[in-house]
Amino acid sequence: MELKHGSPLDLPFADGEFGQVISIDLLHWLHGWRRAIAEIARVAAEGASIFICMVSYTVRHRGPIDLFAVVETLTKNGVDVQRFDTFSAEKSQSPRLFVSGVKQKKTKGKPSAGSPILIPREVGYEGP
């Protein structure tokens, strides 16, 4: 195994280098969490599994992170989001956001609609 040091905002890996990308309890520490998600999508190969777990509140910048903003950022970066959810072990804790998806294959022309997304009722989204 090779260890590399770098910034999550500018990962030191080639485009499409990984068949699986996992980020656990990191993104909520970053001011530029959207940029870090774009980097995750960039280094994921076509068909790669992506799993993100983060707290719904930025620690350093004291602002909420909207679950739908995370899903939207992934989708804009070519990830077919297949499931997302929130979870809180204790009422005093900020909820954790869980998002998983698959990096889409690049296609010419119109992008695909992707897979249906399961939205748990607890999230409170009623839809269009």
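Remarks
- Ordering of 32-43, 7-18 by burial proxy (mean other Cβ atoms within 10 Å per residue, highest first): 32-43, 7-18
- For the range 31-39, the Karplus equation 6.51 cos²θ - 1.76 cosθ + 1.60, evaluated at θ = phi - 60°, returns couplings of 5, x, 4, 5, 5, 5, 5, 4, 5 Hz by residue, with Gly and Pro reported as x.
- For the range 18-94, averaging the sequence separation of C-alpha pairs within contact (under 8 Å, six or more residues apart) and dividing by the residue count gives a relative contact order of 32 percent.
- Ranking of PHE51, PHE84, PHE68 by neighbouring Cβ atoms within 10 Å, starting from the fewest: PHE68, PHE51, PHE84.
- Compared with the alpha-carbon gap, the fully stretched path from ASP66 to ARG83 is longer by 4.6 nm at 0.36 nm per residue.
Taken together, the values in this text are just the output of simple stated rules run on the coordinates, not laboratory data. Everything numeric in this text was worked out from a predicted model, so none of it was measured. As a convention, Cβ positions derive from the backbone with ideal geometry for all residues, glycine included, and neighbour counts pool all protein chains shown.
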